[in-house]
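I have placed the structure first, in the form of structure tokens, so that the comments after it can refer back to it.
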Amino acid sequence: MSPFSPLSGGLGRRHFMRHMAATALGIPAFRFFSDLRANAAQARKNHRSCIVLWMSGGPSHLDIWDLKPDSEKNGGPFRPIATSAPGVMISEHMPKTAQQMHHLSVLRSLDSKEGNHERGTYLMHTGYVPNPTVVHPGWGSTCAFELGSQLDNFDLPHCVSINSPGVGAGFLGMSYTPFMVQNPNAPIANLQPPGDVDALRMNRRLQMLGQLEDQFIAQRRTPPAVDHKAVYGKTIRMMNSKYKEIFNLKTESEAVREAYGKHSFGSGCLMARRLVEQGVTYVEVSLGGWDTHADNFEALSTRLLPELDQGMSALVADLASRGLLDTTLIVWMGEFGRTPRINQNAGRDHWPRSWSVVVGGGGLKNGQVIGATDKDGVDVADRPIGVMDLIATMTKTMGIGLDTQYTTPRGRPLKVVDDGGKPIEELFG
Amino acid sequence: MRVRRGRMWGRGIRGSSVAAAGRAALVLALALGATASRAADDPKTASSSGANFLDPLLEQAWEEAGVKPPRPASDEEFLRRAYLDIIGRIPNVQEAQAFLTTREADKRTKLVEYLLNHVDYPKNFATIWTNLLVGRGDQGRNVDRRALSDWLRKQFVADRPWNEVVYDLVTATGSNRENGAVNYTLAHLESEAVPLTSRTTRLFLGQQLQCTQCHDHPQNDWKQSDFWGMNAFFRGIKVEEKRAADATGLERYDHTELSDQPTDDFARFDKRNGMVGVAFPRFLDGEKLSPGSKLIRRVELGKRIADPDGDLLPRAMANRMWAHFMGRGFVNPVDDIGPHNSPIAPEVFDKLTEEFRDSGFDVKQLIRWITSSKAYQATSLRVSKRGDSPGDQEEDDLFNIMALRPMTPEQLFDSLMTATSSHRPGATRDEGRRDNWMRQFLFVFGNDEEDEATNFQGTIPQSLMMMNGEMMKEALSGKPDSFLADVVDRARGARSPAVQMVDQLYLAALSRLPSARERQTALRYLQTQPDSMGVLQDLFWALLNSNEFILIH
């Protein structure tokens, strides 16, 4: 609910000014064009990326990653199958992903405590529960801020969200907010200036705009005014970049497109691969429709799992074959899991108490199952994992210091990884 | 001076000058005089000259915090923000000129009065509340969004007391086409009315209970049973799709009918320990509905929410309206009020809540009080260069400097339309076109809470739309009958046509004249470039793309 909601605020101003140089703000309008020497590919070296596969609605983990064939009341109709990782069993409706499980690890004991979509989405993206005094940055925006902003002369947004808006940058400001690709199968809207506006005129427009922007910023000096210019700077870079073709999947071979699937999730996964290949730091690909209060098994077996299986397995295999998997962390998650109990509508309801998240790539020790739930899937039976443990694991994998800390707009310290969070040791060699 | 009991006065003005509003757009100066004289005669109108009852409390808060009282906003700043906040769009050239050239001392009070009587005031607040009540997306055929919006507009036209409007929304029955209010309930009934429960408590009572759906609240005293006690009020509700013969005699869906009947039903919920809990209707204050009664549950809920002596409803509205005009509420998020979330300037908040309730929930009076306060009259300009001090943000919290706020998509669309049709006096809003345009930025999550988001405010897709989009192309068209063509036509024969053209563009886009320097720069372009239409287009493009245009300041 954004109308009427309060401003998200900004960084403490000192903090904020220091980082302005990292944005396009430093570039005067008339240099917007001449500065566009793209060398994103060079920046790729040693750069780490993360792809989050976001299952909007709350995926039924017990029917995908943590099957309970021995539970009479909670088991459901799906059977487990063996995978490429010895001893790891997953759902029969994930046969292609089963062949990639040596690149992935299942965390089966997540306890996240938020069973409301909005709050669960916020928690899983930021590591924090909503708090009236601060708007936390999404973890993807934190990565963009910490890693992406270190890339010189980078034309693409550092943080991209495909098929859904993702979670905003909170006090890190608008220029780290995810760039949303609404439909990966369609061209980005309005990327080209109208035909009668040539480079000369565009330049004149930007000169005029630059003067207005700077004057307004000088008078107000607050994040919304500064962010506006920074976002325009990024937009203009993108418009003029040769890498804007990255968003056009038509340049991929038909075989590759078929492998990923041409549905929005498969295409999103393919676009994610193309983006991290060029050095984009964080890409989220969303697959919706998981809020299966009714007809859970039908929705999963006929629609959700086939799409997920195809897109996810193609992505992992493709990243591995291109040598990108060691520097690309993959995280599969949603806002919560679903109830072990099957309700009267053959559905499962919201369940944040004991559920599964999958991680992979990123140079982690994969092919494991970590943690366990009991026979009926109700309680965590082994190695409870908190959301902050997951965030700590992701943060460490990206090479971001676990002690990274910001000052909120109200002058309070805020850690990327809160005190309680510990990286999951089993994943690190 | 303390102002008590706005009630009498509020009732007196109700429904008075709706008709005047239509004419008023053309004869602003006249309308200013006509509608304002009544306001000026009344001592309770509390003009900006210091009579506002909030000011002493605000001043006290500033003094205690050791911050300087705000410097007043310029006429240009005030004009623009008042138009955007009250009627949802920027002023057009004529409206801007009329206000800026008038020298009357109380012209700000008069402007607010003019805007409150403007035909766009009820439209604007109907749009805002439609979005809050049912969201921006398409909710399917059971929800007639337009009927709800029309119903709301009528309530704002009639100046109905807010608690009565809310009572009607909560208890409405009948056809979703004929009684627009029923669409609120119809939109949120699925999943055992869980969305209706959380929206009702958030919007009308300022309480976030939705997380207690699954567990007790981590930060305040709300329990899981509180949520389901409220939820149990939404039982005994009947929804019927009615069919009727169309023009060709074919029977098809016509409308949806909402009704209630007494019930003994209760809410069932999963506790965190795996047990199933049961809840009968119980209001937030703990009052239970006696079981087995023949009462209609939504009526009982409506009575409790709309209680004229209650605190939660006026508090929630006072906070939301303050946030609407100031960029943030006394309490934020605006619908999370409670002991766990301490307010900014609590004395001001309490006083505004109390006065709003005592006025008989008079929304226009609430707007008059807020807009005439020193907080709303504050400038958004910062004085010194010591902007780096970390304490600044905290100081801003005290409403001593006006926050910058991005326009909503609706404000942006209507403002672009206003800026580019100033020359067409009869031009009215095209809400259908606006809704279509907006859908491209809308994302609906498709979960049982009907969450949605706009991919809009200040992100790259929005800048791309503003820079290269269809609407901008249209706005810049120099074709006959376009705004720019009109600007050129009118300037012919003026003493200095170039100056007049530049001034018109600044007034249309930014509601102010250019500074001497800005004017010089623009004139230099016009003198040195052969294609003056091209220069005008580029200048107008820059003005409409600027942070000054899109941020309410």
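The values are calculated or read from the model by the stated rules, or taken from the named source; none is laboratory data. Note that the structure is predicted; figures quoted are calculated from it, not measured. Virtual Cβ from ideal backbone geometry, glycine too; neighbours counted across all protein chains shown.
Results, tabulated for the structure shown:
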{"read-out": "Subset of region B:142-165 (residues that are part of a helix (DSSP H, G or I) and either polar (S, T, N, Q) or more than 25 Å from B:ASN436 (Cα to Cα) (or both))", "value": "B:SER149, B:GLN155, B:VAL157, B:TRP162, B:ASN163, B:GLU164, B:VAL165"}
{"read-out": "Filtered residue count, region A:78-107, keeping only those that are outside any helix (DSSP H, G or I), surrounded by 24 or more Cβ atoms within 10 Å (Cβ to Cβ) and out of contact with any helix residue (DSSP H, G or I) (no Cβ under 8 Å at 6 or more places or on another chain)", "value": "1"}
{"read-out": "Condition met for B:ARG315 (surrounded by 14 or more Cβ atoms within 10 Å (Cβ to Cβ), in contact with a Ser or Thr (Cβ under 7 Å, 6 or more places away or on another chain), in contact (Cβ under 8 Å) with a residue 12 or more places away in the chain and assigned by TED's automatic domain parsing to the domain that holds B:PHE361)", "value": "yes"}
{"read-out": "Count - residues of region A:332-367 that are in a loop (DSSP other than H, G, I, E, B) and of a type in the set (A, V, I, L, M, F, W, C)", "value": "4"}
{"read-out": "Test for A:ARG119: is it of a type in the set (Lys, Arg) and in a strand (DSSP E or B)", "value": "no"}
{"read-out": "Qualifying residues in region A:177-201 (those that are touching a residue at least 60 places away in the same chain (Cβ under 8 Å) and either closer than 21 Å to A:ASN248 by Cβ or buried (at least 21 other Cβ atoms within 10 Å of the Cβ) (or both)) - the one farthest from the chain's Cα centre (by Cα)", "value": "A:PRO187"}
{"read-out": "Count of residues meeting criterion [within 9 Å of another protein chain (Cβ to nearest Cβ) and among the aromatic types (Phe, Trp, Tyr)] in region B:529-553", "value": "2"}
{"read-out": "Candidates A:GLY115, A:GLY138 - the one that is buried (at least 21 other Cβ atoms within 10 Å of the Cβ) and modelled with pLDDT under 90", "value": "A:GLY115"}
{"read-out": "Selection from region B:499-522 of residues that are surrounded by fewer than 19 Cβ atoms within 10 Å (Cβ to Cβ) and touching a helix residue (DSSP H, G or I) at 6+ places or on another chain (Cβ under 8 Å)", "value": "B:VAL499, B:GLN500, B:LEU513, B:ARG519, B:THR521"}
{"read-out": "Residues that are among the aromatic types (Phe, Trp, Tyr) and part of a helix (DSSP H, G or I), drawn from region A:142-169", "value": "A:PHE145"}
{"read-out": "Test result for B:GLU192, touching a Ser or Thr at 6+ places or on another chain (Cβ under 8 Å) and either not aliphatic (A, V, I, L, M) or not in a helix (DSSP H, G or I) (or both)", "value": "no"}
{"read-out": "Residue in region B:126-147 that is in contact (Cβ under 8 Å) with a residue 60 or more places away in the chain, more than 24 Å from B:THR454 (Cα to Cα) and out of contact with any Cys (no Cβ under 6 Å at 6 or more places or on another chain) present", "value": "no"}
{"read-out": "Meets criteria (more than 7 Å from chain A (Cβ to nearest Cβ), part of a helix (DSSP H, G or I), at pLDDT 90 or above and in contact with a Lys or Arg (Cβ under 6 Å, 6 or more places away or on another chain)) for B:PHE356", "value": "no"}
{"read-out": "Failed condition for B:VAL112, given (1) assigned to a helix (DSSP H, G or I); (2) modelled with pLDDT under 95; (3) β-branched (Val, Ile, Thr)", "value": "(2)"}
{"read-out": "Residue count for region B:244-264, restricted to those that are charged (D, E, K, R) and surrounded by 12 or more Cβ atoms within 10 Å (Cβ to Cβ)", "value": "3"}
{"read-out": "Leading residue by the ranking (nearest to the other protein chains (Cβ to nearest Cβ)) among those in region A:349-383 that are in contact with a strand residue (DSSP E or B) (Cβ under 6 Å, 6 or more places away or on another chain), among the hydrophobic types (A, V, I, L, M, F, W, C) and within 30 Å of A:LEU319 (Cβ to Cβ)", "value": "A:TRP355"}
{"read-out": "Qualifying residue in region A:225-235 (condition: free of Cβ contacts under 8 Å to residues at least 24 places away in the same chain, surrounded by 21 or more Cβ atoms within 10 Å (Cβ to Cβ) and among the polar types (S, T, N, Q))", "value": "yes"}
{"read-out": "Residue match in region B:497-516 (condition: on the phi > 0 side of the Ramachandran plot, touching an Asp or Glu at 6+ places or on another chain (Cβ under 8 Å) and at the interface with chain A (Cβ under 10 Å from one of its Cβ atoms))", "value": "no"}
{"read-out": "Those residues of region A:125-135 which are touching a helix residue (DSSP H, G or I) at 6+ places or on another chain (Cβ under 9 Å) and either at pLDDT 95 or above or surrounded by fewer than 24 Cβ atoms within 10 Å (Cβ to Cβ) (or both), in sequence order", "value": "A:HIS125, A:THR126, A:GLY127, A:TYR128, A:VAL129, A:PRO130, A:VAL134"}
{"read-out": "Enumeration of residues in region B:118-141 that are closer than 24 Å to B:LEU189 by Cα and in a loop (DSSP other than H, G, I, E, B)", "value": "B:GLY135, B:ARG136, B:GLY137, B:ASP138, B:GLN139, B:GLY140, B:ARG141"}
{"read-out": "Enumeration of residues in region B:54-85 that are touching a His at 6+ places or on another chain (Cβ under 8 Å) and more than 22 Å from B:LYS351 (Cβ to Cβ)", "value": "B:GLU77, B:ARG80, B:ARG81"}
{"read-out": "Region A:349-365 residues that are on the phi > 0 side of the Ramachandran plot and without any contact (Cβ under 8 Å) to a residue 60 or more places away in the chain, paired with ones that are crowded, with 24+ Cβ neighbours inside 10 Å and among the aromatic types (Phe, Trp, Tyr) (beta carbon under 9 Å, 6 or more apart)", "value": "none"}
{"read-out": "Region B:271-294, residues that are more than 29 Å from the chain's Cα centre (by Cα), part of a loop (DSSP other than H, G, I, E, B) and crowded, with 16+ Cβ neighbours inside 10 Å", "value": "B:PHE280, B:PRO281, B:LEU289"}
{"read-out": "Counted residues, region B:308-348 - those being within 14 Å of another protein chain (Cβ to nearest Cβ) and in a helix (DSSP H, G or I)", "value": "11"}
